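Bear in mind these aren't lab numbers, they're just calculated from the coordinates by the rules spelled out. None of these values were measured; they are calculated from a predicted model. Cβ: placed from backbone, ideal geometry, glycine included. Neighbour counts: every protein chain shown.
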Amino acid sequence: MKARIKIRRFNPETDRKPYWAEYRLDAQPWDRVLDVLVKIKDYQDGTLTFRRSCAHGICGSDAMVINGRNRLACKVLMKDVGARVTIEPLRGLPVIKDLTVDMAPFFAKYRSIQPFLINDDPPPYTERLQSIEARARFDDTTKCILCAACTTSCPSFWANDSYVGPAAIVQAHRFIFDDRDHGAQVRLAILLDSDGVWRCRTIYNCVEACPREIDITRAIGEVKKALLLGDVE
Ligand code: SF4
Ligand code: F3S
Ligand code: FES
């Protein structure tokens, strides 16, 4: 197919404001949008800047706005977006250059919920055992790859970027409902903050944006319920 790719570009060191650059090239229906970006960079404009690593939907580094929706460029086929494609950086995070945004504020929110096992009991001789049912309790939220597609699609986050955001709540859920972890109350106290979980207005953009199909609003709802009950069921 003859593809026309419009990319929102911006170099804060040289440009006064963002602008649209247009590229035309031959693409195959089975090319991923990431393949097309690589072709543009390799053959048309080496200054085009974007982030990617695994190219297989695992590392979470190439989230961007493709035809108005937050997607991973390595998981979107050209046949599914058509010959005319617009690509923009994620919204709500500072642009470093072109499609590369500064993820530092996003990861600061992730770190704020203490995303690690908290358990001061002496480690057992073997591993900390867990039943299949207990493991299933937080299985969905273990799938998060920290791509930021959810948080940067959330209008509550756009309105107030101090909101901890859905990704951090998903990560908190993963530990709060792990029966090997003893830090649930610490994390619930953090999420009770005015910039915590109650800033979620159940807008659902995050669910639509998640490339891992995590039921984010369900996880957020379970965290809210735990806060209301004062305990983890
Ligand atoms: Fe990405 Fe989904 Fe994790 Fe959000 S919950 S950071 S959209 S993988
Ligand atoms: Fe935002 Fe998702 Fe809540 S879009 S308001 S975090 S349901
Ligand atoms: Fe790793 Fe797309 S490049 S998820």
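Taking DSSP loops as anything outside H, G, I, E and B, show the longest stretch in the chain free of chymotrypsin sites (Phe, Trp or Tyr not before Pro) there with at most 13 other beta carbons within 10 Å. Let's see the in-between values first.
Working: sites that count: TRP30, PHE116, TYR125, TYR204.
In short, 31-115.
The length gained by stretching the chain between LYS79 and HIS182 to full extension, at 0.36 nm per residue less their Cα-Cα distance, is 32.3 nm. Note on LYS2 and PHE116: with the Förster distance fixed at 41 Å, the Cβ-Cβ geometry gives a FRET efficiency of about 0.25. Each part reduced to its alpha carbon centroid, the stretch 21-75 and the stretch 77-142 end up 21 Å apart.
Length gained on full extension, THR142 to THR14, computed as 0.36 nm times the residue gap minus the Cα-Cα distance: 42.0 nm. Shown in residue order for the stretch 222-232 are the 3J(HN,Hα) couplings computed by the Karplus curve 6.51 cos²θ - 1.76 cosθ + 1.60 at θ = phi - 60°: 5, 5, 4, 5, 4, 5, 5, 7, x, 7, 9 Hz (x for Gly and Pro).
Note on LEU192 and LYS41: their simple-model spin labels are 4.6 nm apart, each label 7 Å out from Cα toward Cβ.
Which number gives the lysine pairs in the chain that have C-alpha atoms under 26 Å apart and are eight or more places apart or on different chains? Lysine pairs meeting the criterion: 28.
Sorting LYS109, LYS17 on the 10 Å Cβ count, fewest up front, what's the list? Intermediate values should be presented prior to the final figure.
Details: LYS109 21, LYS17 6.
Ordered by Cβ neighbours within 10 Å, fewest first: LYS17, LYS109.
Mind checking Rg over Rh on the chain, alpha carbons, Kirkwood formula for Rh? Don't jump to the answer; show the numbers that get you there.
Working: Rg = 19.9 Å, Rh = 19.1 Å.
With Rh from the inverse mean 1/r over Cα pairs, Rg/Rh is 1.04.
Taking 30 Å as R0, compute the FRET efficiency from the Cβ-Cβ separation of HIS56 and ILE132 and round it to 0.05. Don't jump to the answer; show the numbers that get you there.
Values: r = 28 Å, r/R0 = 0.94.
E(calc), rounded to 0.05, equals 0.60.
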